[in-house]
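**Student:** There's a structure below that I have some questions on.
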Amino acid sequence: MSEQAIRERMSGNEAVAEAIRQVNPDVMPAFPITPSTEIPQMVSSFIANGKVDTEFIPVESEHSAMSAAIGSEAAGARTMTATSSAGLALMWEELLLAASNRLPIALTLVNRTLSGPININCDHSDGMGARDTGWIQIYAENNQEVYDNYIQAYPIAEDKRVHLPIMICQDGFITSHAVENISLLPDAPVKEFVGTYEPEEYLLNSANPIAVGPYSISAYAMEAKKAQAVAMENAREVILEVAEKFAKMSGREYGFFESYKMEDAEYAMVIMGSAAGTAKQAVDEMREQGKKVGILKIRVFRPFPEKEIAEALKNCKAVAIMDRTESYNGNCGPLGSEVTAGLYRNKVFLEAVCYTYGLAGRDFTTDHVKNIFGELESLICDNKPIEHNQYIGLRTRK
């Protein structure tokens, strides 16, 4: 822990709002939606109390919020917003425009299930639905991580090699409203770490007029998309560089993922978000029984670190890949699809079983984790058949 650490108790939403206060972005357009409403509410209170000089723009919808964010970022202002679930879905068109215009907007996404049926609890259907919109996506297990991730957001997004928008994601209610101990950094080091946004090109620069979002004819559009893809690839290097600098400042280390007791693991679980804490607890208990199990907790989903994941899993006998969303493809969720494809492309061959869990806030327990590891072990040791795409905790008629 950094000698400058400030010990606090905060919810995930409070932690993000505190990080926003320290970063002090220029503009925040936002529209309230559960469970992210507290974030713009707290920031507007900071503004009213003179703690930040951010310009808050109240808008009539989330589509308008992202439209305003695009306008202000294009004008040269460091911009952020916050949303959840249907709010992100209403932004869909604008998400694509923000990315294609190469605007490093930060969006703090409090993950909540997408309708229908209507539900306000956590799963990853909103963030995973937006996975191909061209935004960097970073997920948090707990309140500390979402605070740390937000502080790292702008140095990643605004890097000249990247210049892409970024989503900082946390699980609705589970972390956004739950209070945990957290270590904050003093304002001065944070401001120095994030720095001042100095765009090379922006609409208000009268000395160098530019167009933002013009119609792109067929002879140029494909090249623009390739440039976006290159920028996303560049983000890999930048994410690790920023994490290294952040570790020197805070004492907390981050990468593409966290390997938990994976050194000699024969069976692994790949998972994202708050449920990783549940999985770690189960692994600790199973380790006491002599079971060689481990967790690979994904932090960065975009860009997807397939080579690094394959390397981390290469010595395992079997892996459970956990998705907190349903892709309706009859096969598996997005994490399952990308991990298995990455394993194949990198010539790492092991048994991979995909599971769907926690939809719309369904409980996910340590017993579930232990049962999954038990299934993997039976598959390998007893050659016991196993369903390769299954739901955890699903209620069925007896």
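FYI, it's all coordinate maths here, none of it is from the lab. The structure presented is a predicted model; accordingly, all values stated were derived computationally and were not measured. Every residue, glycine as well, gets a Cβ built from its backbone with ideal geometry; the counts of neighbours run over all protein chains shown.
**Student:** Spit out the partnerless Cys residues in the chain, using Cβ distances under 4.7 Å as the pairing rule.
**Tutor:** So far as the 4.7 Å Cβ criterion goes, CYS122, CYS169, CYS316, CYS381 stand without a partner in the chain.
**Student:** Still on this structure, please answer the following. Under 22 Å between alpha carbons, and skipping anything fewer than 8 positions from LYS370 in its own chain: which lysines qualify?
**Tutor:** LYS261, LYS280, LYS291, LYS292, LYS297, LYS314, LYS317, LYS384
**Student:** By how many nm would the segment from LYS191 to SER206 grow when fully extended, if each residue of separation counts as 0.36 nm and the alpha-carbon distance is taken off? Before the final figure, lay out the partial values.
**Tutor:** Numbers: separation 15, 0.36 × 15 = 5.40 nm, distance 2.83 nm.
Residue separation times 0.36 nm, minus the Cα-Cα distance, leaves 2.6 nm.
**Student:** Suppose we take every Cα in the chain and form the convex hull; what volume per residue is that in Å³? Could you put the intermediate results ahead of the total?
**Tutor:** Values: hull volume 60.9 nm³, N = 398.
Cα convex hull per residue, to the nearest whole number: 153 Å³.
**Student:** With labels modelled as points extended 7 Å from the Cα through the Cβ direction, what inter-label distance (nm, one decimal) is found for PHE56 paired with GLN41?
**Tutor:** The answer from the label model is 1.1 nm.
**Student:** Quick check: residue separation of ASN346 and ASN181 times 0.36 nm, minus the Cα distance between them. What number comes out in nm?
**Tutor:** Length gained, ASN346 through ASN181: 55.4 nm.
**Student:** For the chain, what is the mean residue ellipticity at 222 nm derived from helices alone (per DSSP H run of n ≥ 4: -39500 (n - 2.57); sum divided by total residues; nearest 500 deg cm²/dmol)? Intermediate results must be reported in sequence, preceding the final value.
**Tutor:** On the way: 13 runs with 162 residues, N = 398.
Rounded to the nearest 500, it is -13000 deg cm²/dmol.
**Student:** Also, quick follow-up: In debye, nearest 20: dipole of the chain around its Cα centre with unit charges on the Cβ of K, R (+) and D, E (-)? Don't skip to the answer; put the middle values down first.
**Tutor:** On the way: 37 positive and 54 negative charges, 158 e Å.
Computed about the Cα centre, the dipole is about 760 debye.
**Student:** A follow-up question, please. What length, rounded to one decimal in nm, is gained on full extension from ILE380 through to LYS307, with 0.36 nm per residue of separation minus their alpha-carbon distance?
**Tutor:** On the way: separation 73, 0.36 × 73 = 26.28 nm, distance 2.43 nm.
Working it through step by step, the gained length comes to 23.8 nm.
**Student:** Would you mind putting 343-350, 277-284, 147-154 in packing order, based on average other-beta-carbon counts within 10 Å, highest first? Kindly include the intermediate steps, with their values, before the conclusion.
**Tutor:** On the way: 343-350: 14.1, 277-284: 19.9, 147-154: 25.1.
Packing order, densest peptide first, comes out as 147-154, 277-284, 343-350.
**Student:** Looking at the stretch 298-333, which GluC sites (Glu not before Pro) are in a loop (DSSP not H, G, I, E or B) and have at most 10 other Cβ atoms within 10 Å? Numbers along the way, then the final one.
**Tutor:** Values: sites: GLU306, GLU308, GLU311, GLU326; in loops: GLU326.
Listed in order of number, the matching sites amount to none.
**Student:** Follow-up. For the stretch 248-300 and the stretch 9-73, what is the separation of their Cα centres, given in Å?
**Tutor:** After rounding, the separation between the Cα centres reads 32 Å.
**Student:** Take peptides 221-229, 333-341 and line them up by average Cβ neighbours within 10 Å, highest first, as a rough protection proxy. It would help to have the intermediate numbers written out before the result.
**Tutor:** Details: 221-229: 12.3, 333-341: 20.9.
Result, highest mean first: 333-341, 221-229.
**Student:** Ok, one more. Hey, which lysines would be in cross-link range of LYS226, C-alpha to C-alpha under 24 Å, not counting anything within fewer than 8 residues on its own chain?
**Tutor:** Within the straight-line cut-off, LYS226 pairs with LYS160, LYS307.
**Student:** Kindly identify the stretch 1-66 as rounded, prolate or oblate by the Cα gyration tensor criterion: order the square roots of the eigenvalues as a ≥ b ≥ c, call it rounded if a/c is under 1.5, otherwise compare a/b with b/c, prolate if a/b is larger, else oblate.
**Tutor:** Judged from the Cα gyration tensor, the stretch 1-66 comes out prolate (a/c at least 1.5, a/b above b/c).
**Student:** While we're on this one: If you take the charge dipole of the stretch 257-391 about its Cα centre, with +1 on Lys and Arg Cβ and -1 on Asp and Glu Cβ, which of SER337, GLN289, ALA318 is farthest toward its positive end?
**Tutor:** Going by the charge dipole, the pick is SER337.
**Student:** Which residues among the stretch 74-107 fall inside the zone where the amide N is under 18 Å from a point 7 Å beyond the Cα of GLU223, along Cα→Cβ?
**Tutor:** Zone members listed by number: 100-102.
**Student:** Where does the charge balance sit around ALA106 when Lys and Arg score +1, Asp and Glu -1, over other residues with C-beta under 12 Å from its C-beta? Don't skip to the answer; put the middle values down first.
**Tutor:** Working: positive: ARG78; negative: ASP26, GLU73, GLU158.
Summing Lys/Arg as +1 and Asp/Glu as -1 gives -2.
**Student:** Need one number: convex hull volume per residue for the stretch 173-274, Cα atoms only, in Å³. Working shown, then result.
**Tutor:** Details: hull volume 24.7 nm³, N = 102.
Roughly 243 Å³ of hull volume per residue.
**Student:** What size of dipole, in debye to the nearest 20, comes out for the stretch 214-259 about its Cα centre when the only charges are +1 on Lys and Arg C-beta atoms and -1 on Asp and Glu C-beta atoms?
**Tutor:** Working: 6 positive and 7 negative charges, 24 e Å.
Result for the stretch 214-259 is approximately 120 debye, rounded to the nearest 20.
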